[in-house]
1. Neighbouring Cβ atoms within 10 Å as the yardstick, rank 193, 65 fewest first.
2. Where both partners of a DSSP beta bridge lie in the chain, what percent of those bridges are antiparallel, to the nearest 5?
3. Please compute the length gained on full extension between residue 234 and residue 154, using 0.36 nm multiplied by the number of residues separating them and subtracting their Cα-Cα distance.
4. How do 108, 213 line up, fewest other C-beta atoms within 10 Å first?
5. How big, on average over all directions, is the shadow cast by the Cα convex hull of the chain, in nm²?
6. For residue 105, give me every one of the aspartates and glutamates with a C-alpha distance below 13 angstrom, ignoring sequence neighbours fewer than eight places off in its own chain.
7. Would you mind checking which residues have amide H under 5 Å from residue 85's amide H? H placed 1.01 Å from N; only 5 or more apart, or other chain.
8. Taking the Cα centre of region 167-248 as origin and charging only Cβ (+1 Lys, Arg; -1 Asp, Glu), how large is the dipole, in debye to the nearest 20?
Amino acid sequence: MNETDRVMILDVPLDIVDMEQAAGKLAELMRRDGCSIIVTPNSEIVVNAGKDTELKGIISTADLIIPDGIGLVYASKLLGFPLKERVTGIDFLYRALGLLEKEQKSVFLLGGRPQGKGALSVAETAAMRMKERFPGLRIAGIHHGYFNDEEELKIVEEINRSGADFLCVALGSPKQEKFMGRYRGELLVKAAIGVGGSLDVWAGTVKRAPKFFRDHGLEWLYRFVKQPARYKRIAALPKFMIKVLISR
Ligand code: UDP
């Protein structure tokens, strides 16, 4: 993939990839030296990157920047460089897990709420579901996502000790991008991806929008009906489109 395969939206680069190309790129990254970083920005993250130079730097230097949001697809059309399709982080993670299973590689799951009394953590439940779906998948380790800055290095050591090939960082944005950006030099995994609330979806604590809403770019509407408290985040979408129009 070269520079011409990228589109700039509000000064943030995004790879013009469909699912097949993104999966092919992942296979290539898994063969490279060092820890590759994969980010899955949506329009909200792109707007935030404009106000957060650390976040923008991490996205801009990531090895694969997957456009996860219908707003980005519309914006790219307005700018005249249409993105091929929206590739959601959760769908891409599914592909990645299939690839890891096929290549007998292992994954470390980081993120989600810790266990309550007698209950499994979100990441533990997600791991169980992943094993049901991909029986040959090796889960090298699991850690919940509620830790302070002082604990970060211990977690990096735990990930490295686990021998995992792939790291799934589900801490929400920008925490997940910053974790990957800060520790990419120390991490021994071949690739790390930031995937927001994906472990919640695997664990069943959050439901994905039904297929109709996903197919018609209306996931935001479904989320709004289910969680009206997210209205501020949804209101960010028209603001984003206005910013893109002005930037033209
Ligand atoms: N999370 C976490 N640690 C934190 C804050 C959040 O592990 O310090 C988890 C949270 O439990 C949830 C995910 O990160 O599973 C963020 O979900 P959200 O839907 O907000 O992600 P986004 O919309 O940013 O993709």
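1. Working: 193 28, 65 23.
Result, fewest neighbours first: 65, 193.
2. On the way: 4 of 23 bridges.
Around 15 percent antiparallel, to the nearest 5.
3. 25.2 nm
4. By the 10 Å Cβ count, ascending, the order reads 213, 108.
5. Details: hull surface 53.4 nm².
Averaging across all directions leaves 13.4 nm² for the Cα convex hull.
6. 165
7. 17
8. Working: 17 positive and 5 negative charges, 53 e Å.
It works out to roughly 260 debye.
Read-outs throughout are calculated quantities, based only on the coordinates presented, and are distinct from any laboratory measurement. Here the structure is a predicted model, which is why all the values come from computation and not from measurement. No Cβ is skipped: glycine too gets one built from the backbone with ideal geometry, and neighbour counts run over all protein chains shown.
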